[in-house]
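One structure below.
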Amino acid sequence: MSTAPDRLAEVQARIAAAAREARREPASVHLVAVSKTFGAEEILPVLEAGQHVFGENRVQEAHGKWPALRERFPDLELHLIGPLQSNKAREAVALFDAFHAIDRPKIAEAIAGEMARQNKAMKLFIQVNTGEEPQKAGVLPKEAEALVRLCREQLKLPVCGLMCIPPVDDEAALHFAFLAKLAREFDLPELSMGMSADFETAIALGATYVRVGSQIFGHRG
Ligand SMILES: *Cc1c(COP(=O)(O)O)cnc(C)c1O
């Protein structure tokens, strides 16, 4: 059976190959290893293999496992990839280095307030609900421009890109291409898109951050 470090190396090689295929620099694609539901004992070998960027989708869960790991690996980068409730903004800004799911004015305001209060820099993405699915987080495409403007102009938030999670039954490439087009329109350089099943497609369409979980850590229980 393969180990998580073996699978990490395989994912890294596939990312580099997909980047070259798209005539892009492999270093222009950042791997976020999604460790949600896995414990420190499963994360540690991946850290020791040199992966230092990780994604979690719940503040509470991340709070339980990452502060101790960060003491041992001070240069690690922790990304919050799931939606946030505004009453968790303080804890999220304290714990995470990046947030991929700004999806409404209230969250943008809470993050801006906490970043100022804690004097903390964060990498920020706006999540777009490209499939307009009622149960999914993300701003609707037609409301995205107003949210980008609010972040930039009123809140002075350093938003660097857009994020999406395509509907499970749709062709992912259509959503990735649409997100890339929106990002160009808004003049945002980063694209957080692509997961275990479709990260190579996302890289072909311009992803700069891919969020890969099960392909590295195995299936979530
Ligand atoms: C869980 C999760 C991922 C990783 O999904 P895999 O299919 O396991 O690679 C990526 N992005 C978000 C937002 C997630 O919640």
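What follows is calculated from the coordinates using simple rules that are stated; it is not laboratory data. In this text, all values refer to a predicted model and were calculated from it rather than measured experimentally. We place every Cβ from the backbone using ideal geometry, glycine too, and count neighbours over all the protein chains shown.
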Honestly the chain on the Cα gyration tensor test (a ≥ b ≥ c root eigenvalues; a/c under 1.5 rounded, otherwise a/b vs b/c for prolate or oblate) is just oblate
Evaluate the charge dipole of region 106-156 about its Cα centre and quote only its size in Debye, nearest 20, assuming +1 on the Cβ of each Lys and Arg and -1 on the Cβ of each Asp and Glu. 260
Per its Cα gyration tensor (rounded if a/c is under 1.5, else prolate when a/b beats b/c, else oblate), region 102-173 is best filed as prolate
Where labels lie 7 Å past Cα in the beta-carbon direction, separation of residue 143 and residue 181 in nm: 2.2
Ranking 54, 108, 67 by how far each Cα lies towards the positive end of the charge dipole of region 37-113 (+1 on Lys and Arg Cβ, -1 on Asp and Glu Cβ), the top one is 108
When only alpha-carbon atoms count, how far does region 42-99 stretch along each of its three principal axes, as whole angstroms with the largest first? 35, 18, 17
How big is the charge dipole of the chain about its Cα centre, in debye rounded to the nearest 20, if each Lys and Arg gets +1 on its Cβ and each Asp and Glu gets -1 on its Cβ? 500
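Could you give the dipole magnitude of region 115-221 about its Cα centre, charging the beta-carbon of Lys and Arg +1 and that of Asp and Glu -1, in debye to the nearest 20?
On the way: 12 positive and 13 negative charges, 138 e Å.
I would put it at about 660 debye.
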In terms of modelled amide H atoms, which long-range or inter-chain residues lie less than 5 Å from the amide H of residue 55? 33, 34, 35, 79
Tell me whether region 83-203 comes out rounded, prolate or oblate; compute the Cα gyration tensor, take square roots of the eigenvalues as a ≥ b ≥ c, and use a/c under 1.5 as the rounded threshold. prolate
